[in-house]
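Colleague: Before anything else, here's the structure in question.
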Amino acid sequence: MHRLARTGGTAELLRWLAGRAEGWAGVVGPDGTVLHAAARTAGAMVPDVAGLVAESASALAERGVQAYSVDTGEHTALLFPLSGFSPGGFSPGGLSPGVLSPVLHSPGAGDPAAPVLAVVTPRPVAAGLATLLADVVLPLSLCLQAETLERKRRRVDLAESRGREAVLHLLMTGQLSIAQQVAGALRPRLPDPVRVCVVECSGDDRDEVARVCVDADGGRSWIVRCPVYARHLILVMPVEDAGDAGEKAPEPGAAPTDETVAARVGDCVVGVSEPVPLADTATGYRQAFHALAVARELPTRHARFGVSPDPALVVGPAGRRWADELLNPLLTHVPRRAQDPGSQELLATATSWLAFASHATDHLKVHRNTLAARLRLIGELLGLDLHRLADQSALDLALRVRATPAPACTPEVPSSAPPFPCASGTSQAAGGLDAILCRPAFRDWADQQLAPVLGAEETLRTWLRCGGRLGPTAAGLGISVPGARKRLTRLETVLQRSLLRPPSARYDLWLAFRSRDLASAPR
């Protein structure tokens, strides 16, 4: 019995009991609900167990006994409460039908809330079966308690995981104050400034890698299981030299947490962002994801994001005005019904979809039809065709500009250049974008983005023209799909950006190519 309890738990004990009783064995709730059950054969015929328990539960409670038996014609049902049982002398001759057994009483016997061990066996009852059942009550009770505690622990773990995921979602959508309030109930405190780290694990090792992360930095990082990618862990880490009162500081000369994790876990890949303010966690995540794409091709399996300004930093005041005008219908949207999504929900939906594409359903915890309906509404409010990469890029830039503090933007530089027409494939609502892309600071940014891929622009332009889809890209280049994938994988390493998996750099690349094309267009 104890061996089965240790190795198989309740299920194995009941299966063994059913075999010994040559019938049916189960644990039944006080209301007659069968909680666990096993039969000697899959098609074994047994009487109405729920009815038997309901019939005998009142006797067990009223008379405070430790066992009860009842005959059902061809079968005998033996019932034992599993709460407060004290092993005692049992009559080896069995129990008389419908008569209380002559067993010792205990304070817990007859507890109306206690589950009941019920065994249905053919008549006559085998000699010694009642004693056997009395002996199994203790290990079975312990198994049930242990399994109940394990279920509660898993629910607590799930609740904490969902809480951390909610805090990360709030940070990614710029709701810093609410995120800090929710995080106050959990540990550790949210650091500021931070580096965002994405760890890609293999198989089902995510929980073990999370323990390695906690051990590596003394529990100073905010660790979240990625809701989109099942193999990813997201760490919001304090910047190495930023002390955090009340938390364990790293030892002098100790390797950074991300490097330690990459060294300890032999098959994980780690990408890390630049130091960013806590309010810019979404930017940090994009940077870490791009670094992850680079790290996959490195023998060290570790990479930090290279220095590259965000396009939102070079749009200037005119760019901020353009972003405000574009997003205003969304920001001021008032739903017609209370159950319809408001402006904040739609903003979060747009941000998540631009970052994760179809995986936004996992991030937002919504059905794909709900996501599609919200995207249609967003497109109607903004006058955008979200099937076009040009409009997607315009919306992505506008949302990033809105999330960037105004003083961080490059000041306006007067320009005598005449205005340009709307970008090809861009809706009228996003048409003012071309004037922003012509700013000298933006052209410098575009040149910096495209400098590493001089001579390989045909592949990128074809990929962008095909909306980032591999099949049409391969057809446009006249090569196979694996060949197109290999080209883009090599370009990921050169650009130090993710292309094939969202969050992708395709919006930045579209903006960079458009800015360059405008600069070379005849005036």
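The values are calculated or read from the model by the stated rules, or taken from the named source; none is laboratory data. None of the values given here were measured: they were computed from a predicted structure. Counting neighbours? That spans all protein chains shown, and the Cβs are built from the backbone with ideal geometry, glycine included. Side chains included, ligands, DNA and RNA excluded: accessible areas come from the protein's heavy atoms. Shrake-Rupley method; radii C 1.70, N 1.55, O 1.52, S 1.80 Å.
Colleague: Along region 492-501, what does the Karplus equation 6.51 cos²θ - 1.76 cosθ + 1.60 (θ = phi - 60°) give for ³J(HN,Hα), rounded to whole Hz, x for Gly and Pro?
Modeller: 3J(HN,Hα) across region 492-501, in whole Hz: 4, 5, 5, 7, 6, 9, 7, 10, 7, 10.
Colleague: Accessible area of region 253-304 with a 1.4 Å probe: how many percent of it is carbon plus sulfur?
Modeller: That share works out to 54 percent.
Colleague: With N denoting the number of residues in region 430-523, provide Rg(C-alpha) divided by 2.2 N^0.38 Å, to two decimal places. Walk me through the numbers on the way to the answer.
Modeller: Details: Rg = 13.7 Å, N = 94, 2.2 N^0.38 = 12.4 Å.
Dividing the Cα radius of gyration by 2.2 N^0.38 Å gives 1.11.
Colleague: Non-local amide H neighbours of HIS302 (under 5 Å, H modeled in plane, Pro and chain starts lacking H): which ones?
Modeller: Excluding prolines and chain starts, which carry no amide H, the hits are VAL270.
Colleague: Using the heavy atoms of the protein chains and a 1.4 angstrom probe, tell me the accessible area per residue for region 108-215 in square angstrom. Don't jump to the answer; show the numbers that get you there.
Modeller: Details: 5420 Å² over 108 residues.
Accessible surface, normalised per residue, equals 50 Å².
Colleague: For LEU500, LEU82, give the ranking by accessible area with the largest first, probe 1.4 Å.
Modeller: On the way: LEU500 60, LEU82 15 Å².
These residues rank, largest area first, as LEU500, LEU82.
Colleague: Can you run phi through the Karplus equation (6.51, -1.76, 1.60; θ = phi - 60°) for region 353-369 and list ³J(HN,Hα) in whole Hz, with x for Gly and Pro?
Modeller: So the Karplus estimates, Gly and Pro as x, are 5, 5, 7, 10, 6, 5, 6, 4, 4, 6, 5, 8, 6, 10, 6, 4, 5 Hz.
Colleague: Each residue of region 214-226 in order: what ³J(HN,Hα) in whole Hz does its phi give by Karplus 6.51 cos²θ - 1.76 cosθ + 1.60, θ = phi - 60°, with x for Gly and Pro?
Modeller: Values per residue, Gly and Pro as x: 4, 5, 6, 10, x, x, 8, 8, 8, 10, 10, 6, 4 Hz.
Colleague: Give the calculated FRET efficiency between LEU35 and ASN369 to the nearest 0.05, with a Förster radius of 56 Å applied to their Cβ-Cβ distance.
Modeller: Numbers: r = 37 Å, r/R0 = 0.65.
FRET efficiency, LEU35 to ASN369: 0.95.
Colleague: Taking a probe of 1.4 angstrom, what is the accessible area of TYR68 in Å², to the nearest 10?
Modeller: Taking all protein chains as shown, TYR68 has close to 20 Å².
Colleague: Please work out whether region 286-359 counts as rounded, prolate or oblate from its C-alpha gyration tensor, where a ≥ b ≥ c are the square roots of the eigenvalues and a/c under 1.5 means rounded, while otherwise a/b larger than b/c means prolate and anything else oblate? Write out the running numbers ahead of the final one.
Modeller: Details: a/c = 5.33, a/b = 1.71, b/c = 3.11.
It comes out oblate by the Cα gyration axes.
Colleague: Right, another one. Using DSSP to define loop residues, name the trypsin sites (Lys or Arg not before Pro) in region 456-511 whose beta-carbon has at most 14 other beta-carbon atoms within 10 Å. Let's see the in-between values first.
Modeller: Values: sites: ARG461, ARG465, ARG469, ARG485, LYS486, ARG487, ARG490, ARG497, ARG506; in loops: ARG469, ARG497.
Counting only loop positions with at most 14 other Cβ atoms within 10 Å, the trypsin sites (Lys or Arg not before Pro) in region 456-511 are ARG469.
Colleague: Just to make sure I understand: if all protein chains stay in place, what is the order of HIS387, HIS359 by accessible area at 1.4 Å, largest first?
Modeller: Working: HIS387 175, HIS359 65 Å².
Largest accessible area first, the list is HIS387, HIS359.
Colleague: Taking amide H positions as placed in the peptide plane 1.01 Å from N, state which residues far from ALA37 in sequence (5 or more) or on other chains have amide H under 5 Å from it.
Modeller: VAL27
Colleague: What is the gain in length, in nm to one decimal, between ARG189 and LEU454 on full extension, counting 0.36 nm per residue of separation less the C-alpha to C-alpha distance? Don't skip to the end; give the middle numbers.
Modeller: Values: separation 265, 0.36 × 265 = 95.40 nm, distance 4.48 nm.
Taking ARG189 through LEU454 to full extension adds about 90.9 nm, to one decimal.
Colleague: In square angstrom, what is the accessible area per residue of region 306-372 with a 1.4 angstrom probe?
Modeller: On the way: 3310 Å² over 67 residues.
With the other protein chains kept in place, region 306-372 gives 49 Å² per residue.
Colleague: May I ask you to give the percent of accessible area on region 430-511 that is carbon plus sulfur, with a probe radius of 1.4 Å? Could the numbers behind the result be given before it?
Modeller: Details: 1770 of 3390 Å².
Within region 430-511, the accessible surface is 52 percent carbon and sulfur.
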